[in-house]
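Student: What follows is a structure written as structure tokens; I'll ask about it next.
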Amino acid sequence: MTAVGIDAIEIWTGKLKLDLPETVAPIKDKDPEYYTKGLGLYASSFPDAHEDIVTMGANAAYRLMERKGLTPDDIGRIDVATESAFDNSKPVSTYIAGCLEQVYGDDFHHANKGERKFACIAGTQSLDDAYNWIKAGRNRGRSALVIATDTALYARGDPGEATQGAGAVAMLIGEDPSLVELSTEQGYGSADETDFLKPNQQFPSVDGKRSMQVYLARMREALEDFESVMGDTHLDDFEYIPFHTPFPGMVRRAGLLGYRHMIRNTDVEDELAAEIGRQPREAEYDDREAYEQAIRDYMDDLKSTDDYREWYADTIKPTLGISREVGNWYTGSVHIARASALQYAAENDLDVTGRKLLVGSYGSGAQAEIHAETIQEGWREEIGHLSIDEQIRDRHDLTYEEYEDVHDRHNHDKRVELDDFTEPEDEFVFVGRGEMDERTYEYVE
Ligand code: CAA
């Protein structure tokens, strides 16, 4: 069976930075550690005045195609995942293809284009669509371009404002991939939930605390479903576990839940029993409330054990390196978590070829998906091409007043003009609206 998976990846961050502990904390009268220790975030990325979901996606895709020496004929489908779309009919993928056609002599007229919506999980669903298309033998030797692009803005004053971010991840999906092979097996946890939604509005309505509970409940359900086809998961099975990362503090919770699940009925649980007791079993309790309290107490003890801390440092923390500097990228977030982990492996000269990732994707509304990935031989070279560290470093550092102007600029209802903070170079930029109110773009040398 031919391996199918991610052959290459490119990441484009919004070119502006909002420093959370330095710039936001004093204005909001918050302890800087609320951001850095509590949420686990240092900064958010924002799009400059000439950027939006189309430019960020097109720029990531163009870099990827150039690096791989591809032309439009090599691409059989372009799927864009976003929850920041500005058009209820014309998909973002057509705008991005239009941008790319400006710089290539050829067009993408024979590529299938679409737009996927299911909150943040849509990026992974687009990967799955591309995987299925190739496995079904419909690709005619061509690859799929999957682009996850979002401007994750919240209303000013909303608790979610601390977790904003903007950027795009472009991924090339093909046969015999260089980066990771996707597992055929998947597990789902999916239910009708109203934790986070945007009923025809740009900024989300969020029940923040509930959204965290729903994330964990659906993720657990997905893991159980995955195990029903793959058998039990164990700590040593996975080199890294990239999760959807709205903010690193959320992943801290997901990691702890996953660890408790994986050690149940194993030697690790037995060894830890001397220190913190065994995991509570529901049958041992008279009512659900007492059982849930016992679980919370056990989790509190578990997270202080050396075994857990070591596992977290090795398996989860490496996935958070980019996220803590850029914030939530919604559909792209789990994909920057994967890239972070592989960057960490490359920087530490680790040999992870053949090792597995367990990838936990999530979208509010709500659905989680768990699948496994096998790291391929070409991973080190592929990951070595990423320029995300330089991009993060080179962002324009906003004052709080500038941040408010940028937020207004990207508010669809306001249509505010704003000068650029950075000089565009070798990139697609937004240049204004056309006769039918369509957004228009140009490539700037
Ligand atoms: N020093 C250190 N830590 C501090 C601190 C301080 N001074 N002050 C607070 N903290 C800690 C808290 O103890 C808490 O830690 P734990 O996670 O260990 O409990 C953490 O900081 C966060 O504090 P709060 O829970 O008080 O934070 P909040 O209520 O102000 O906001 C939030 C958190 C509700 C998630 C809010 O950011 C929000 O609404 N975000 C948008 C929704 C979201 O991201 N939900 C996540 C799941 S849904 C999803 O994943 C989809 C998606 O992408 C949106």
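The values are calculated or read from the model by the stated rules, or taken from the named source; none is laboratory data. None of the values given here were measured: they were computed from a predicted structure. Cβ: placed from backbone, ideal geometry, glycine included. Neighbour counts: every protein chain shown. Keep in mind that these areas ignore ligands, DNA and RNA; they rest on the heavy atoms of the full protein, side chains included. Shrake-Rupley method; radii C 1.70, N 1.55, O 1.52, S 1.80 Å.
Student: Quick check: is even one residue across the range 230-238 in contact (Cβ under 8 Å) with a residue 60 or more places away in the chain and aliphatic (A, V, I, L, M)?
Tutor: yes
Student: Shifting gears a bit: Which of (1) near the ligand (Cβ under 10 Å from one of its atoms); (2) more than 29 Å from Ala345 (Cα to Cα) is the odd one out, the single condition Ala273 does not satisfy?
Tutor: If we test Ala273 against (1) near the ligand (Cβ under 10 Å from one of its atoms); (2) more than 29 Å from Ala345 (Cα to Cα), just (1) comes out false.
Student: A follow-up question, please. Does Ser340 satisfy the criteria of being surrounded by 21 or more Cβ atoms within 10 Å (Cβ to Cβ), in a helix (DSSP H, G or I) and either more than 16 Å from the ligand (Cβ to nearest atom) or over 27 Å from the mean Cα position of the chain (by Cα) (or both)?
Tutor: Judged against the criteria, Ser340 is a match.
Student: Where residues in the range 35-54 are in contact (Cβ under 8 Å) with a residue 60 or more places away in the chain and open to solvent by 30 Å² or more (accessible area, probe 1.4 Å), which of them is farthest from Gly332 (Cα to Cα)?
Tutor: Gly38
Student: Of the residues Gly57, Gly98, Gly105, Gly5, which is more than 16 Å from the ligand (Cβ to nearest atom), open to solvent by less than 40 Å² (accessible area, probe 1.4 Å) and not in a helix (DSSP H, G or I)?
Tutor: It is Gly5.
Student: Out of all the residues in the range 357-387, which are in contact (Cβ under 8 Å) with a residue 60 or more places away in the chain and charged (D, E, K, R)?
Tutor: Glu369, Glu373, Glu377, Glu381, Glu382
Student: Scan the range 108-132 residue by residue and report those that are of a type in the set (Lys, Arg) and either in a strand (DSSP E or B) or under 24 Å from Leu179 (Cα atoms) (or both).
Tutor: Lys113, Arg116
Student: Related question: Would you please name the residue that is farthest from the chain's Cα centre (by Cα), looking only at residues in the range 60-95 that are buried (at least 18 other Cβ atoms within 10 Å of the Cβ) and among the acidic types (Asp, Glu)?
Tutor: Asp79
Student: Filter the range 141-161 down to residues that are open to solvent by less than 10 Å² (accessible area, probe 1.4 Å) and over 17 Å from the mean Cα position of the chain (by Cα), then give me how many there are.
Tutor: 1
Student: Mind checking which pairs have a first residue in the range 158-187 that is free of Cβ contacts under 8 Å to residues at least 12 places away in the same chain and a second that is in a loop (DSSP other than H, G, I, E, B), Cβ under 7 Å, 6 or more apart or different chains?
Tutor: The qualifying pairs are Glu161/Tyr154.
Student: Another question, then. What tally of residues in the range 217-239 results from selecting those that are open to solvent by 30 Å² or more (accessible area, probe 1.4 Å) and part of a helix (DSSP H, G or I)?
Tutor: Number satisfying all stated conditions: 11.
Student: Looking only at the range 73-95, count every residue that is touching a residue at least 24 places away in the same chain (Cβ under 8 Å), out of contact with any helix residue (DSSP H, G or I) (no Cβ under 7 Å at 6 or more places or on another chain) and not in a loop (DSSP other than H, G, I, E, B) and tell me the total.
Tutor: Within the range 73-95, residues that are touching a residue at least 24 places away in the same chain (Cβ under 8 Å), out of contact with any helix residue (DSSP H, G or I) (no Cβ under 7 Å at 6 or more places or on another chain) and not in a loop (DSSP other than H, G, I, E, B) number 5.
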